[in-house]
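Each remark here refers to the structure printed beneath this line.
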Amino acid sequence: MEVIIKQTYEEMSRAAAHDVARLLNTKPNAVLGMATGSTPLGMYQELVRMHREEGLDFSQVTTFNLDEYVSLPVSHPQSYHYFMQENFFKHVNVPKQNTYIPSGTTSNYQAFCAWFERRIEECGGIDLQILGIGSDGHVAFNEPGSSLSSRTRLKTLAKQTIEDNARFFERREDVPIYAITMGVGTILEARRLLLVANGKNKAWACAAAIEGPITGMVTASALQMHARAKVFLDDAAASELKMREYYDWIEERRPGAPQV
Ligand code: GLP
């Protein structure tokens with residue numbers, strides 16, 4: 001796993017965005033896996049800036065989002081459909097018909113999940129999956145105890161996730177209890193993974209995911225099994241890493257390192 005630590009959230013977001021842009025410049029019809037949450041916002045803003053000012057082109061891109069709350073209509077300001085529209089899609093030129101987000105309002109979840117998985121395959125698989133991390137170490141909505149081979153499915157949210165996400169809702173009771181989420185197995189099939197995390201409240205989760213044992217109790221630790229996973233952290237999120245000095249040393253040496 002490549003661990004890249006930047007001093008600030010802004011620097012971390014820019015570095016992650018540049019990684020995504022590099023992929024689009026070499027593969028304009030890339031399939032991107034998208035994440036929601038407050039963490040990737042800075043990265044999306046930088047991608048939007050690159051689209052406006054530098055002509056970064058999304059016209060051939062296809063996107064698949066990780067997850068969605070069950071029961072929220074797409075027009076609900078806290079739905080991930082709404083988030084993607086407001087924070088990214090409406091500012092760039094991804095064709096609407098190329099954007100896939102799990103449905104939180106389907107009448108048949110099982111059939112929808114199977115279709116979603118099939119669609120990813122039919123589109124050639126995900127080239128780069130963007131990820132955030134929950135404070136309990138989850139990726140997407142793969143809560144502690146999830147199978148590391150899990151596929152897209154309905155999931156009951158953990159109490160901690162409901163608490164963490166309550167800040168976005170008027171009342172705690174308004175936070176949905178269920179979500180539809182790509183599985184850990186689905187995520188691991190992406191050709192590359194890119195996780196972003198910032199802030200002290202993610203320090204434990206980042207240390208557990210990057211340096212702890214691989215366990216279904218911290219589903220982000222499954223990234224250790226992926227051959228091409230990159231993690232972008234700010235200083236605070238990196239504060240509990242034991243190998244911090246080594247990651248910084250690698251970054252310092254990178255300009256002179258042999259090209260791979
Ligand atoms: C939710 C999402 C995750 C996200 C996490 C952290 O649980 N399903 O995909 O990574 O929140 O969100 P934030 O970036 O707002 O801390």
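Computed from the coordinates by the stated procedures, all read-outs in this text should not be read as laboratory data. This structure is a prediction, so every number in the text was calculated from the model and none was measured. Don't worry about glycine lacking a Cβ; one is built from the backbone with ideal geometry, like all the others, and counts go over all protein chains shown.
For the reader, a short list of remarks on this structure follows.
- Looking only at residues of region 208-221 that are under 12 Å from S135 (Cβ atoms), more than 11 Å from the ligand (Cβ to nearest atom) and of a type in the set (G, A, S), we find that the one that is farthest from the chain's Cα centre (by Cα) is A208.
- Residue in region 159-175 that is among the hydrophobic types (A, V, I, L, M, F, W, C), crowded, with 17+ Cβ neighbours inside 10 Å and over 16 Å from T36 (Cβ atoms) present: no
- If you go through region 213-226 and keep only what is within 20 Å of T36 (Cα to Cα) and part of a helix (DSSP H, G or I), you end up with T219, A220, S221, A222, L223.
- Yes/no for I133 being touching a helix residue (DSSP H, G or I) at 6+ places or on another chain (Cβ under 8 Å) and in a helix (DSSP H, G or I): no
- Remark: Y100 falls outside the filter, which requires a residue to be surrounded by fewer than 19 Cβ atoms within 10 Å (Cβ to Cβ), closer than 26 Å to Q160 by Cα and among the hydroxyl-bearing types (S, T, Y).
- Qualifying residues in region 140-152 (those that are on the phi < 0 side of the Ramachandran plot and surrounded by fewer than 22 Cβ atoms within 10 Å (Cβ to Cβ)) - the one farthest from the ligand (Cβ to nearest atom): S149
- Qualifying residues in region 48-75 (those that are within 16 Å of the ligand (Cβ to nearest atom) and farther than 19 Å from T161 by Cα) - the one surrounded by the most Cβ atoms within 10 Å (Cβ to Cβ): F64
- Residues (closer than 24 Å to T39 by Cα and part of a loop (DSSP other than H, G, I, E, B)) located in region 96-130: I101, P102, S103, G104, I126, D127
- Leading residue by the ranking (farthest from the ligand (Cβ to nearest atom)) among those in region 115-132 that are farther than 19 Å from M84 by Cβ and in contact (Cβ under 8 Å) with a residue 24 or more places away in the chain: G124
- Reported count of residues in region 166-206, each being within 10 Å of the ligand (Cβ to nearest atom) and either under 14 Å from the mean Cα position of the chain (by Cα) or within 18 Å of A220 (Cα to Cα) (or both), is 11.
- On the stretch given as region 156-212, residues that are in a helix (DSSP H, G or I), among the small types (G, A, S) and touching a Ser or Thr at 6+ places or on another chain (Cβ under 7 Å) total 5.
- In region 24-42, the residues that are of a type in the set (A, V, I, L, M, F, W, C), buried (at least 19 other Cβ atoms within 10 Å of the Cβ) and either in contact with a Gly (Cβ under 9 Å, 6 or more places away or on another chain) or not in a loop (DSSP other than H, G, I, E, B) (or both): L24, V31, L32, M34, A35
- Residue in region 32-40 that is small (G, A, S) and within 28 Å of W249 (Cβ to Cβ) present: no
- Where a residue in region 217-236 is touching a residue at least 60 places away in the same chain (Cβ under 8 Å) and surrounded by 23 or more Cβ atoms within 10 Å (Cβ to Cβ) and its partner, wherever it lies, is part of a strand (DSSP E or B) and among the polar types (S, T, N, Q), with Cβ under 7 Å and at least six apart: T219/N142
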